[in-house]
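Report on the structure given below.
The values are calculated or read from the model by the stated rules, or taken from the named source; none is laboratory data. Note that the structure is predicted; figures quoted are calculated from it, not measured. Reconstructed Cβ throughout: ideal geometry from the backbone, glycine too, with neighbour counts over all protein chains shown.
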Amino acid sequence: MSKSMRNKNIAIVLAAGKGSRMDTATPKQFMQIKGKPLMYYCLATFEKSEVIDEIILVTNESSIDYVREEIVKRFAFNKVSKVVSGGNERVYSVWEGLKAIQGEMGYVFIHDSARPLVTEDTIKRLAETVIKTKACVAAVQSKDTVKICDESNYIKETPIRETVWIIQTPQVFKLSTIYKAYESIINQNLQKVTDDAMVLEMTSQLPIKLVEATYENIKVTTPEDIEIAEAFMDNLSTFFSENS
Ligand code: CTP
Ligand code: MG
């Protein structure tokens, strides 16, 4: 089989958000955490990963030059093959990433750069699973009971807790499968689409497997999450020393 026909594992790293809930002047992906920009951490993990071949980095149009110099070059992330401009919502940023790798054979690992603590073990188990299922997402069981409510915040129902999972990234798909799914809905109103699995749920019957990840794999969203992420980094000293 020629090299170009081999299945590749490509990560799309999303760093094109505004970080409005963080309430800082610069988008949170550039915020310093333990002396490095937030987006550095997952990139370092993908760069070192035994199963990831290539990284597509999606960022704000005005930050592309900065990202090429101050992130990709400075930290020698040699797997980053493209830095592309994102869209106004996460779903459009993902679509820009997918278009950048259209036609490649293999699997795509869509990941929020705001999740610095994704581990190689999770990435590997996702890589093994997606070969069998074509679609799988990182997740943890909800520790809390979850309620579904109506518009006035009255409880409508209570899902059985054992069936409730908190969905994270990476979300991993056969590239052609997720590309077709995105292509078929991208012109619709996508305001309510908050993850990639949803796009498949909307467009196909394909079962999507949950792969148990770690509770440390949080999304840094609001200011208190920074302290939590830094505390996890202190605890996971091997993680941090490997990445420094
Ligand atoms: N993201 C993106 N393009 C967008 C919106 C989000 O690439 N138009 C990325 C973010 O950079 C982040 C991930 O998607 O890594 C998850 O999004 P979220 O945590 O919501 O980040 P922001 O959209 O930046 O934050 P907020 O919603 O508070 O504005
Ligand atoms: Mg957002």
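Here are the numbers:
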quantity	calculated
Matching entry among T194, T163 (being closer than 18 Å to S113 by Cα and of a type in the set (S, T, Y))	T194
Residue match in the range 95-105 (condition: away from ligand 2 (no atom under 16 Å from the Cβ), in contact with a Ser or Thr (Cβ under 9 Å, 6 or more places away or on another chain), part of a helix (DSSP H, G or I) and modelled with pLDDT of 95 or more)	yes
Any hit, the range 119-140, residues being of a type in the set (S, T, N, Q), farther than 22 Å from L43 by Cα and away from ligand 1 (no atom under 16 Å from the Cβ)	yes
Selection from the range 21-67 of residues that are of a type in the set (S, T, Y), at pLDDT below 95 and near ligand 1 (Cβ under 9 Å from one of its atoms)	none
Single condition E89 does not satisfy, out of (1) over 20 Å from F46 (Cβ atoms); (2) more than 13 Å from ligand 1 (Cβ to nearest atom)	(2)
Any hit, the range 123-142, residues being without any contact (Cβ under 8 Å) to a residue 60 or more places away in the chain, assigned to a helix (DSSP H, G or I), surrounded by 23 or more Cβ atoms within 10 Å (Cβ to Cβ) and in contact with a strand residue (DSSP E or B) (Cβ under 6 Å, 6 or more places away or on another chain)	yes
Those helices (runs of 4 or more DSSP H) lying entirely in the range 151-244 with at least 3 residues within 19 Å of the chain's Cα centre (by Cα)	175-185, 196-203, 223-235
